[in-house]
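K.L.:
Here it is, the structure, as structure tokens.
Since every read-out is calculated from the coordinates, none of them should be taken as a lab result. Everything numeric in this text was worked out from a predicted model, so none of it was measured. Virtual Cβ from ideal backbone geometry, glycine too; neighbours counted across all protein chains shown.
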Amino acid sequence: MGAVNTLVITGYGTNSHLETAHTARLAGADRADIVHFADIVASKIRLADYHFLIFPGGFLDGDDLGAAQAAAIRWRYMRHGNDALLLDGLLEFLDKGNLVLGICNGFQLLVKLGLLPALDGNRLERRISLANNDSARFEDRWTYLLPNPESPCVFTKGLPMAYMPVRHGEGKVVAKDEECMRRIEAAQLIALQYADPETGLATQQYPFNPNGSSLSIAGLTDPTGHVLGLMPHPEAFHHVTNHPRWTRGELDPPGTMLFVNAVRYLRNQ
């Protein structure tokens, strides 16, 4: 039973880091440190000292170059103190069997880096992106999420239908071609889908699917199941009073469960 140290990266517009770190602690993480990206560049912090890396939501660089595009460029081409590429350190982190979670802008960053969907184990090829919502507006609402029981994703194992908020303007998953989407679906890399609460099935219907995402995709994993990116915000539902209908006694499994699964997995490695 080992310790689980969590690293939540902040800076350049991220604004969900506090509740993300808090949720990791609630889930049982021994440490949940909030670190500015610049401190990683300056080698004040080492990824090797952590087991669980989280890219939280926010408005990275104001989304001015497209969601998380500028952040992806920093990770791809910047170097830290020992002159090694930051991206190389991130890949080494994953090679050790650690976990990475990207929420909203964090999901967009993982996609831009190529860490998702990582078809054929290729973590550096950008195969998909996240486009403007079909509604042509910023969507701020609660959505039902259907976990895929066949997915290798560590975070969603055994979870029932969940209820979490979304708040984004660019959340529609799009691919380079139809073949890419077919392969993602066939490999069970769709970890979470937007669902109709009445039928319990994945849906393209608005507003249950708030952005028009292909195949109702709300979250994707990689073939190892160690990387999860999702547009909804699990950290925004870490307590009963976060639920919009809690005063009526209506409850759903909190988003904390994604974090609990991650911490439990790491602790047992």
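K.L.:
Report the trypsin sites (Lys or Arg not before Pro) located in region 136-180 that are in a DSSP loop and have at most 11 other Cβ atoms inside 10 Å of their Cβ, or state none.
P.N.:
R137
K.L.:
Which order, highest average first, do 31-39, 65-73, 53-61, 256-264 follow once you tally other Cβ atoms within 10 Å for each residue and take the mean per peptide?
P.N.:
Answer by packing, highest mean first, reads 53-61, 256-264, 65-73, 31-39.
K.L.:
For region 35-52 and region 158-193, write down the distance between their C-alpha centroids in whole Å.
P.N.:
Between the Cα centres of region 35-52 and region 158-193 lies a distance of 29 Å.
K.L.:
For K112, list the lysines whose Cα falls under 25 Å from its own Cα; do not include residues on the same chain fewer than 8 positions away.
P.N.:
K96, K172, K176
K.L.:
Further question on the same structure: ³J(HN,Hα) across region 229-243 via Karplus (A = 6.51, B = -1.76, C = 1.60, θ = phi - 60°), whole Hz, x for Gly/Pro?
P.N.:
Here the 3J(HN,Hα) series is x, 9, 7, x, 10, x, 5, 7, 10, 10, 8, 3, 6, 6, 5 Hz.
K.L.:
Give the Rg (one decimal place) followed by the Dmax (whole number) of the chain, computed from C-alpha coordinates and expressed in Å.
P.N.:
Looking at the chain, its Cα Rg and Dmax stand at 17.1, 56 Å.
K.L.:
With the cut-off at 1.5 for a/c, could you classify region 1-157 from its C-alpha gyration tensor as rounded, prolate or oblate?
P.N.:
Note, shape of region 1-157 comes out rounded.
K.L.:
Expressed in nm to one decimal, what extension gain is obtained for the pair Q188 and W246 from 0.36 nm per residue of sequence separation less their Cα-Cα distance?
P.N.:
That works out to 17.5 nm of additional length.
K.L.:
Report the GluC sites (Glu not before Pro) located in region 177-215 that are in a DSSP loop and have at most 11 other Cβ atoms inside 10 Å of their Cβ, or state none.
P.N.:
Passing both the DSSP loop test and the Cβ count: E198.
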